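The values are calculated or read from the model by the stated rules, or taken from the named source; none is laboratory data. All figures in this text were calculated on a predicted structure; none of them were measured in a lab. Here Cβ is always computed from backbone atoms with ideal geometry, including for glycine, and neighbour counts include all displayed protein chains. Each accessible area value is taken on the protein alone, full model and side chains, heavy atoms only, with ligands, DNA and RNA left out. Shrake-Rupley method; radii C 1.70, N 1.55, O 1.52, S 1.80 Å.
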Amino acid sequence: MPLNTITNQTIALAGIAQAAALVQQLATTGTTDSIAFEASIGSLFISDEHGVENVYGGLSGLKLGIAQLNDQMTGLKIANPEQARYAASLVFLQNQLSKQPAMLKSIFTGIERAQTQSEHFGRLHENVLANLGDIYHTTISTMQPRVMVNGEQEYLSRPDIVNKIRACLLAGIRSAILWKQCGGTRWKFLFYRKKIQAEIQKLLQQL
């Protein structure tokens, strides 16, 4: 099946929406949807050779992202401006990143190291999350404009939560790369809105 389909583009958009939702959950409550969190972190270690939904361990891993994307795409007002801002920043940063092959290479090398570590400890082990957080901090976070995360100071001052937030932002960049690989572009997002909305409904029925 070709990558460049509206289904795959919508799945990748749901991946971005899910990462943005997880960042907001962590920053404001210190906890997160565990199934979505595991699927988003897992997406950093899985290639798309067996299909785009497989990157998230199947559609069920994207339930939160599909629901959030549905909320953002229906209605005249943006349902959650904070999440929309995070998602837009991730797509913008991915575009910047695509012009920096050395940084991309460094990110991929770091993720390979984290993957080896995850095989030993498990994907959600604090060492793996710290490693992923560090990859984001030393690469993408040096680009402008930085993603400014708003939330409760008690959570944003905890190193373990900060690592999780950065790991989710890295997963959001992964989904933004996937969206681009599937033929997603800014104008497609604007002009194919109805098609994307119809696709979201189909995906929701499959959950």
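Sites listed here are trypsin sites (Lys or Arg not before Pro) in the stretch 151-207 whose DSSP assignment is loop and whose Cβ has at most 16 other Cβ atoms within 10 Å, and the list is empty. Using C-alpha pairs below 8 Å separated by at least 6 residues, the relative contact order for the stretch 113-207 is 24 percent. Accessible surface for the chain, divided over its residues, is 50 Å² per residue with a 1.4 Å probe.
Across all Cα atoms of the stretch 39-126, the radius of gyration (one decimal) and Dmax (whole number) stand at 15.6, 47 Å. Could you work out which residue, out of Leu22, Leu132, Leu104, moves most in a Gaussian network model of the chain, that is, has the largest mean-square fluctuation with Cα springs under 10 Å? Sorting by GNM fluctuation, first place goes to Leu104. Helix 6-29 and the long axis of the chain differ in direction by around 50°, with both axes built from C-alpha atoms. As an exercise, use a Förster radius of 45 Å and the Cβ-Cβ distance of Thr74 and Phe121 to find the FRET efficiency, rounded to the nearest 0.05. For Thr74 and Phe121, the calculated efficiency is 0.65.
For Lys202, the lysines whose Cα comes closer than 23 Å to its Cα, not counting residues fewer than 8 places off in the same chain, are Lys63, Lys77, Lys180, Lys188, Lys194.
Based only on Cα atoms, what Rg/Rh ratio does the stretch 25-82 have, Rh being taken as Kirkwood's radius? Taking Rh as the inverse mean 1/r over Cα pairs, Rg/Rh reads 1.04. The Cα center of the stretch 55-98 and the Cα center of the stretch 108-178 differ in position by 17 Å. Between Arg193 and Asn54, the modelled label-to-label distance comes to 3.5 nm, taking each label 7 Å out from Cα in the direction of the beta carbon. Of the residues Pro159, Phe191, Pro145, the one whose Cα sits farthest toward the positive end of the charge dipole of the stretch 128-205, with +1 on the Cβ of Lys and Arg and -1 on the Cβ of Asp and Glu, is Phe191. Only Lys, Arg, Asp and Glu carry charge here, each on its Cβ (+1 for the first two, -1 for the last two); on that basis the chain has a dipole of about 820 debye about its Cα centre. Binning the alpha carbon pair distances of the chain at 5 angstrom intervals from zero yields the distribution 1, 8, 17, 22, 22, 16, 10, 4, 1, 0, expressed in whole percent.
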